[in-house]
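Remarks on the structure that follows.
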Amino acid sequence: MDNIYSLYKCRVLRVYDLTDDVKLFLFRFENPDIAESWTFIPGQFVQLDIPGLGEVPISICSSPMRKGFFELCIKKIGRVTDKIHELKPGDFVGVRGPYGNGFPITEFEDNDLLLIAAGIGMAPLRSVFMYALDNRWKFGNITVINSAKFGKTLLFKKELEAMRDMAEAENIRIIQTVTRDPDWPGRVGRAQEHIKYANTKPEDAYVCVCGPPQIYNDVFQTLIKNSYDPRRIYVTLERRMKCGVGKCGHCIAGSSTFLKYICVDGPVFGYYDIISTPGLI
Amino acid sequence: MRYVKITNEKIYDFLERLKNYGKLYAPVKISDKFYDRKEIEDVREIAFEYIRTLMPAKKYFVSPTEKMFEIDIEKGEYKETLENIEPFVIFGMHACEIVGLRILDGVYLDKYPDIYYKRKRDAGIIVGLSCLPDEYCFCNLTRTDFVDVGFDLFLHELPDGYLVRVGSPNGHKIVDENTDLFEEVDKNDIDAFRAFEEKRQEMFKWEGSFDNMRYILELTMEDEVWDEEVEKCFGCGNCTNTCPTCRCYDVQDIPDIDGKKAKRIRFWDSCQFRGHGLVAGGHNFRGTKRDRFLNRYICKNAYFYGLGTSYCVGCGNCTYFCPANIDYLKNLMKIRSMTEVKNG
C-alpha cells in the first residue's frame, strides 16, 4: 500500500517577486512518470514540504493544462514560508497532492465567469483564470476583479496589465482596484464596488470569490443585489492543515449538522453551504 | 451469525490460548478507582468487571506519538519508518469502543488510507465483552450500545459462562482451532442472554434518542447556558485524549542535534488547545475558549455517514475524566430539555 504522506521530489525552476512579501515559484516534478500523470483541478492545493521544518498547504495558482509543471504563489508569513522564500532555482522541495475538491470547472463551461479576489485570494483564482484562458472557447465572457490595499500589494498586477490588449479581443475584462493607496492611478474601492462594471451576464455567470473572511458578506450582498444566482457563487477557504487528507482534524469546521474537513470536503464551498453553516467563514 | 458458548471453567484457558494469536492486552485494576489496559502476563489479573480504562483502545491503533519519516535534510530525502508490528489481541472492548474504532476506520481508511493505522488495524484481533452501564454511560442514547460488526469475537456474560458471537473470519478461525473450549448454545443460554440484555437496558439512567441532538445543539450554540461551563473548562484536553473517537494529530519535524537529519513525528493533538486552529499570520479559527469548548460538542454530535450515528459513542469518558467536573451529558440534556429520567 502506498504511503499517502510520501512526497514527490520537485525542482524549483523560477522564483519571481510578485510583491515585497509574496513570491511566485515555478516547480517541475523530477520523476518523469509523475510529471506525465500528475494533474489537478483549479482550486485544489498541495502540501509543500521543507525537510526538517514541515509542510504547508498552498493553493496551486497555475493552469492544469501545462503537464508536469505547476506554480505556487506564497506569502512570507511564518516559519516554513520564511524558508520557502529562500529557495533558489535548482533547489529541491517535497510536494504531495493535489488535495481538496477544487472548483466545479466543468459545470462552469458554456457560462460567463466572474472572479473576485482580495489580497492573497488572487492565487487560487488565477488558476481558474489561466484554465479558462487555455480553454477560451469553453467559456463566455470573463471578468477578473483583483483588489488589494495598495498598488504594490496587488498580486499578478503586471501580468494582468500585460493582458489588457488580448483581454479586449477575447471579451475579458480585467479590473484592478485598491482601497488605501492615494498614489494608485487606476481604480479605487473595494472589490464589490466594481461588480457592476463586469462584462458577465448575471443570470448566466458563475462566480468565484476568494479573500480574507471579512469580505465575503459584502461581496455576497452586492452579487445578489446585481441579480447573480446565489446557487452559482463559490468561495474557497483556508485553514490550518497538517495532513490534507481528512485525518489530522485541524481544518474541521462548520457546525454539528454540517461538519466538514476543509481539506477534503473543501476548500471550495457553495454560497448556501457558507451562509447556513456557522464557523465556515 | 455463529454463536458458541464458553463456560467459566474454561475462560482462563481461552485467555491463555489467545496469546497464541498475538500479544494480549486487557484491562487490569491499577488503583482503587481506575483500570487500564496493558499487556497481560497472568490472565488471572484481567478485570472483567471494568467499565472504562484510563486510555481508550484507540492508543493501539493511533499511537500517542508515532514516527512517520526519517528525513535527510541535506539531501532532501525522506524514508518512511514503518515499525515492525506484531499481531496483538485486545480483550474486553465494550460495544462503545468497538463502534469508536469503526469510526476511526471511517476516517483513517477512507479514500486516502493511512498506512500506519492500517498496519496496526490488520494486526489486531478484537475480542469484545458485554458490560453493565454506570451513571456516566449513555450509549443507549447514541445507539452504540450494541455492535453488529467490528469485532472478531464478542463475549456476552451468562451466569455460568459467556455466549460468544463470532464476527469475522479470524473469529471463526479461533473458534475452529480451539473446539475443545467451546460448546453449543442451548435454550437456557439464550434466555440468560435475553435476561442480561433486558437488565442492562433497565440500568441505563436515561432513555430516548440523541438523533436530533445535532440540530438542537446548532440552534442553541449562542445560548447563555454554555457560558458557565466554558468558564469552568481548563482547556487541558483530557476529554479528547480519553475519547474513543477523537483522532486529531499534529505533525512536527524534530531535527537531530547537528541539524543534518530529522524525524517527522505525529502525536495526539486536541481541539481544546489554543494552537489547534492557529494559522500562519496569527489568525486563529478557534481563538476563544468558547470556540474550542463548543467545537468538541459540535464535532462529537456531528453525523458520521459511515455508521449513521454521531461521532460520540456515549462512553462517558470525557465526563468521568474531566478535572473540572464538566458533565458532557448533563450539558446536552440541558439544551435539549430532556427529562426522561428513569433512575436518576
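The values are calculated or read from the model by the stated rules, or taken from the named source; none is laboratory data. Treat the numbers as computed from the prediction; the structure is a model and nothing was measured. Glycine gets a Cβ as well: all are built from the backbone with ideal geometry, and neighbour counts include every protein chain shown. To get the accessible areas, we keep the full protein, side chains included, count just its heavy atoms, and leave off ligands, DNA and RNA. Shrake-Rupley method; radii C 1.70, N 1.55, O 1.52, S 1.80 Å.
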³J(HN,Hα) computed for each position of region A:68-79 - Karplus, 6.51 cos²θ - 1.76 cosθ + 1.60, integer Hz, glycine/proline x
x, 10, 7, 10, 10, 10, 10, 8, 7, 9, x, 4
State the Cα centre-to-centre distance between region A:91-122 and region B:52-80 in whole Å.
32
In peptide B:275-287, what is the residue-averaged number of other protein chain Cβ atoms found within 10 Å of each Cβ?
5
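What is the protein assembly as shown by shape, rounded, prolate or oblate, if you read a ≥ b ≥ c off the alpha carbon gyration tensor as root eigenvalues and call it rounded for a/c under 1.5, prolate for a/b larger than b/c, and oblate otherwise? Don't skip to the end; give the middle numbers.
Working: a/c = 2.46, a/b = 1.83, b/c = 1.34.
Since a/c reaches 1.5 and a/b is larger than b/c, the shape of the protein assembly as shown is classed as prolate.
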Roughly what % antiparallel, to the nearest 5, for the DSSP beta bridges in chain B?
75
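Rounded if a/c is under 1.5, else prolate if a/b is larger than b/c, else oblate: which is chain B, with a ≥ b ≥ c the root eigenvalues of its Cα gyration tensor? If you can, show how the numbers build up before the last one.
Working: a/c = 2.16, a/b = 1.18, b/c = 1.83.
Oblate, since a/c reaches 1.5 and b/c is not below a/b.
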Divide by every residue of the protein assembly as shown the summed helix terms, -39500 (n - 2.57) for each DSSP H run of at least 4, and state the resulting mean residue ellipticity at 222 nm, rounded to the nearest 500 deg cm²/dmol.
-7000 deg cm²/dmol
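Between A:Asp82 and B:Leu54, what FRET efficiency follows from the Cβ-Cβ distance if R0 is 51 Å, with the result rounded to 0.05?
0.80
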DSSP-defined antiparallel bridges as percent of all bridges, the protein assembly as shown, nearest 5
70
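Want the number for B:Met203 to B:Glu224: 0.36 nm per residue separation, take away the alpha-carbon distance, what's left?
On the way: separation 21, 0.36 × 21 = 7.56 nm, distance 3.23 nm.
Separation in residues times 0.36 nm, less the Cα-Cα distance, equals 4.3 nm.
What is region A:150-219 by shape, rounded, prolate or oblate, if you read a ≥ b ≥ c off the alpha carbon gyration tensor as root eigenvalues and call it rounded for a/c under 1.5, prolate for a/b larger than b/c, and oblate otherwise?
Details: a/c = 1.86, a/b = 1.06, b/c = 1.76.
Cα axes put region A:150-219 in the oblate bin.
Counting only C-alpha contacts under 8 Å and six or more residues apart, can you give the relative contact order of chain A as a whole percent? Could the numbers behind the result be given before it?
Working: 611 pairs, mean separation 47.9, N = 281.
It comes to 17 percent, rounded to a whole number.
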Where only protein heavy atoms count, and the probe is 1.4 Å, what is the accessible area per residue for chain B in Å²?
45
Accessible-area value, B:Glu198, 1.4 Å probe, nucleic acids and ligands omitted, Å²
120
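Report the accessible surface area buried between chains A and B, summing both sides, using a 1.4 Å probe on protein heavy atoms only, in Å² rounded to the nearest 100. All intermediate terms of the calculation are to be shown ahead of the outcome.
Values: alone 13180 and 17180 Å², together 26800 Å².
Separately minus together, A and B give about 3600 Å² buried.
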Distance (nanometres) between label positions extended 7 Å along Cα→Cβ at A:Asp204 and B:Thr81:
6.0
Label point distance in nm, A:Glu159-B:Lys173, each placed 7 Å from Cα along Cα→Cβ
5.5
Accessible surface of A:Trp184 - all protein chains present, 1.4 Å probe, nearest 10 Å²:
40
Which lysines, on any chain, are close to B:Lys19 with Cα under 19 Å apart, when same-chain ones fewer than 8 places away are left out?
B:Lys10, B:Lys38, B:Lys120, B:Lys173
Normalising by the residue count of region A:105-236, find the relative contact order in percent from Cα pairs under 8 Å and 6+ residues apart.
30
Straight-line reach from B:Lys205: which lysines have a Cα under 22 Å away, not including same-chain ones fewer than 8 places off?
B:Lys33, B:Lys300, B:Lys330, B:Lys334, B:Lys342
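Taking 25 Å as R0, compute the FRET efficiency from the Cβ-Cβ separation of B:Ala123 and B:Glu45 and round it to 0.05.
Efficiency for this residue pair is about 0.60.
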Would you list which aspartates and glutamates come within 14 Å of A:Lys242, measuring only between C-alpha atoms, while excluding same-chain residues fewer than 8 positions from it?
A:Asp49, A:Glu55, B:Asp114, B:Asp250, B:Asp253, B:Asp269
Give a residue-ordered list of calculated ³J(HN,Hα) values for region B:190-203 (Karplus: 6.51 cos²θ - 1.76 cosθ + 1.60, θ = phi - 60°; whole Hz; x for Gly, Pro).
5, 4, 5, 4, 5, 4, 4, 4, 5, 4, 5, 4, 4, 7
Chain A accessible area per residue, 1.4 Å probe, protein heavy atoms, integer Å², reads 40
For region B:73-83, 3J(HN,Hα) per residue [Karplus equation, 6.51 cos²θ - 1.76 cosθ + 1.60, θ = phi - 60°, Hz, x = Gly/Pro]:
5, 5, 8, x, 10, 10, 10, 5, 10, 9, 5
Gained length - A:Asp33 relative to A:Glu107, 0.36 nm times residue gap less alpha-carbon distance
23.7 nm
